[in-house]
1. Could you look through region 225-251, keep only residues that are of a type in the set (S, T, N, Q) and within 24 Å of the chain's Cα centre (by Cα), and pick out the one that is modelled with the lowest pLDDT?
2. On the basis of being free of Cβ contacts under 8 Å to residues at least 60 places away in the same chain, over 23 Å from residue 208 (Cα atoms) and surrounded by 16 or more Cβ atoms within 10 Å (Cβ to Cβ), does residue 337 make the cut?
3. Being farther than 22 Å from residue 210 by Cβ, in contact (Cβ under 8 Å) with a residue 60 or more places away in the chain and surrounded by 15 or more Cβ atoms within 10 Å (Cβ to Cβ) is true for just one of 263, 281. Which residue is that?
4. Is at least one residue of region 110-130 under 25 Å from residue 14 (Cβ atoms) and of a type in the set (S, T, N, Q)?
5. For the structure I just gave you, tell me whether residue 172 is among the charged types (D, E, K, R), at pLDDT 95 or above, assigned to a helix (DSSP H, G or I) and farther than 15 Å from residue 407 by Cα.
6. From (1) modelled with pLDDT under 90; (2) crowded, with 18+ Cβ neighbours inside 10 Å, pick out the condition that doesn't hold for residue 406.
7. Sort through 21, 36, 56, 62 and tell me the only one that's touching a Ser or Thr at 6+ places or on another chain (Cβ under 6 Å) and among the hydrophobic types (A, V, I, L, M, F, W, C).
Amino acid sequence: MENPLPDFEFTTSLPVPREEAFAWFSRPGALVRLLAPFSGSVRREPSDGVNVGSTAVIGIGAPGQLGLGLGPAIGAVAGPLHLPGWAKPEIPWHARHVGLVPGRSFTDVMESGPLASWRHEHVFEEDDGGTLMRDFVSYDLPLASSSGPGGRIREWGKERFNTELKRMFGYRERQVIGDLLFHSRHSGADSSSKRIAISGAGGLIGTQLRALLQGGGHEVFRLVRGPATETDEISWDPDAGRIDTAALAGCDVVIHLAGHPIGGRFTAATKQRIMSSRTVGTSLIARTLADLSADGHQRTLVAASAMGYYGASPEARPAQAPTDLSEDGPPGTDFLADVCLAWEAACEPAARAGVRVVNVRTGLVQSPSGGMLQQLLPLFVAGLGGRMAGAGMQSWIGIDDVVGIFAHAALEDRVSGPVNAVAPHPVDARDYAVTLARVLNRPAGLTVPGFGPALLLGRQGAREIARSDQRGSSRRIEEFGYAFREPELEPALRHVLGRR
């Protein structure tokens, strides 16, 4: 190590041998899995892993509470408007790898970015069958001299900056341990590296799912509209009924996530796009896999669905429907239930041909990078958050667990049929608001009136999205062997928001 007195140190005990831990950091996807969503985003992954000369670009957001409010506020607007990545309130950080001792250490520096300098050395040591990973960081803050009043400002700045580093490295610690344990559970004698295609790979779930699978040594391909220009792309055009059948034939698993966003007003045109974007693409993939089944190769289709299958509220369910929504329960009777029913039915050609089919019924995904939490954060950070009037039970799930369930379904042959992707402990709307406020150290005394969501989503959208009431059961996916990382809401929120 060149600098004997680093400005920041962090030590992590990893539950796998040193070679295995180092290999995880060397694979594609590691940076995506490690970068905390409350601190920024990955704009370009490392060009050559941890090898010397490899470069990457990340975007650094505002620190502390400002970042938790500003970043999600801009993201909630940028997504629906399809704004480019540079529109995010982030400063580009260009990194380059400058040192490598294979299996032992690697070092990166900041070539350009918000600091005057940055050097980060990762050191891996044996530790009684596991690994002790030591991070040594040396940096200089901009515009701060080391003497006089500037020196005092520099020390204050370093204290604040080290606090932010502790948040980020604490997040990294839980991520890498969780991922390594996940891959250890899926590395039995009968397991092997798989070739997996993902539609919607650039979305909230798809980005993290692709990275998680790559970290396990699996080869992941992205289904892209238009011609495939990269080696990891497979061309398809669901509206035209075209897909690269030959490329798909080389895959063991297809994970289908793509679909028109649900979150705007339920106009007739929007409802048609929501329905067709799910059934047309799913049907194309299912028919293609059914045709390919004649070659005798066993394939798997893991298709997204949603808890909307059961109806948004008790009023939208058959009278005999149980309170705890399990996979053997009946479908609901509202619009989103109809969508989910048709969505899952579109998989039937593949199932009839012997393809293993899994339908993942997702709950409310918790991440500051998208979905429900992203929309709520600006209000709660400003102290204006509270319970949604008329809302009931919230079947939530952390981003790492929904990604883990999709990956588990792809890798475990015993998983089949519908599975709920919800945490074991749903909460009511009041408890959700109180918990989020406590995590952010903000009040939650307000009640959002019912007409508020109706102004944005329309009456039907507000009823089926903002005021949903669902108590989903996670029992079936747990019986299939999935181990939840964050079964309780408060620890899950503290992790993704860096508030432990």
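1. Restricting attention to region 225-251, the residues satisfying the condition of being of a type in the set (S, T, N, Q) are 229, 231, 235, 245.
Narrowing further to those that are within 24 Å of the chain's Cα centre (by Cα): 231, 235.
Numbers: 231: 95, 235: 98.
Here the residue is 231.
2. Details: free of Cβ contacts under 8 Å to residues at least 60 places away in the same chain: yes; over 23 Å from residue 208 (Cα atoms): yes; surrounded by 16 or more Cβ atoms within 10 Å (Cβ to Cβ): yes.
In short, yes.
3. Working: 281 fails: farther than 22 Å from residue 210 by Cβ.
Unique residue meeting the criteria: 263.
4. For region 110-130, residues under 25 Å from residue 14 (Cβ atoms) and of a type in the set (S, T, N, Q): absent.
5. Yes, satisfied.
6. Unmet for residue 406, out of (1) modelled with pLDDT under 90; (2) crowded, with 18+ Cβ neighbours inside 10 Å: (1).
7. Numbers: 36 fails: touching a Ser or Thr at 6+ places or on another chain (Cβ under 6 Å); 56 fails: touching a Ser or Thr at 6+ places or on another chain (Cβ under 6 Å); 62 fails: touching a Ser or Thr at 6+ places or on another chain (Cβ under 6 Å).
Of 21, 36, 56, 62, the one residue that is touching a Ser or Thr at 6+ places or on another chain (Cβ under 6 Å) and among the hydrophobic types (A, V, I, L, M, F, W, C) is 21.
So that you can scan it fast, the table gives a plain yes or no per residue for (1) at positive phi; (2) surrounded by 22 or more Cβ atoms within 10 Å (Cβ to Cβ); (3) free of Cβ contacts under 8 Å to residues at least 12 places away in the same chain:
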| residue | (1), (2), (3) |
| --- | --- |
| 198 | no, yes, no |
| 205 | no, yes, no |
| 210 | no, yes, no |
| 213 | no, yes, no |
| 217 | yes, no, no |
| 223 | no, yes, no |
| 232 | no, no, no |
| 236 | no, yes, no |
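The values are calculated or read from the model by the stated rules, or taken from the named source; none is laboratory data. This is a predicted model, so every value here is computed, not measured. Reconstructed Cβ throughout: ideal geometry from the backbone, glycine too, with neighbour counts over all protein chains shown.
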